[in-house]
Amino acid sequence: MEKLPGVYTNNNTTKASWLLLIGVLLVGTNLRVPITSVGALITFIRDDLGISNSVAGLITTLPLLAFAILSPFAPKIANRIGMEWTIALSLAVLITGIIIRSITGITFLFIGTLFIGLLSPLGMF
């Protein structure tokens, strides 16, 4: 196969582009699932914890409010510590939030949900 003049192709660049695309898709998926999955499970959560419908609704609203509060600051944080560290930080806090939310009790459910909602905008930036 003949190379065209002025056209530079590099297999490493193509491979890095694909790995970057796959990484972005995986990070995006991991950041969205903990927020969106609660809606399907809210009936079971409400029954298991014995909470009212309004408190159950707060569980789905809290991440969105936290997301809205932190979103304006996400670019500043990303510029200060770098995009790679910002994504790593958001994934680490996401894991922490999932673990906290998995502990039995309504207090841990709300604290973990708040963690998930606060740092998801950083990874999505």
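None of the figures in this text is laboratory data; all of them are computed from the coordinates on show. This is a predicted model, so every value here is computed, not measured. With ideal geometry, Cβ positions are generated from the backbone for all residues, glycine too; neighbour counts draw on all protein chains shown.
You can think of it this way: the chain between THR104 and ILE42 has 20.8 nm of extra reach, that is 0.36 nm per residue less the Cα-Cα gap. Short-range pairs are left out: with C-alpha atoms under 8 Å and at least six residues apart, the relative contact order of the chain is 30 percent. Could you let me know the centre-to-centre spacing of the stretch 77-125 and the stretch 20-64, using Cα atoms, in angstrom? The stretch 77-125 and the stretch 20-64 have Cα centres separated by 13 Å. Applying the Kirkwood pairwise sum to the alpha-carbon positions of the chain produces a hydrodynamic radius of 16.5 angstrom. Electrostatic tally near PRO63: other residues with Cβ closer than 12 Å to its Cβ, Lys and Arg +1, Asp and Glu -1, net +2. Simple spin-label estimate for THR60 and GLU84 gives 4.0 nm between the two label positions (7 Å along the Cα-to-Cβ direction from each Cα). If R0 is taken as 41 Å, the Cβ-Cβ distance between ILE111 and LEU20 corresponds to a FRET efficiency of 0.75.
Here is how the number arises for the chain: DSSP H runs of 4 or more residues each give -39500 (n - 2.57), the sum is divided by the residue count, and the result at 222 nm is -27500 deg cm²/dmol.
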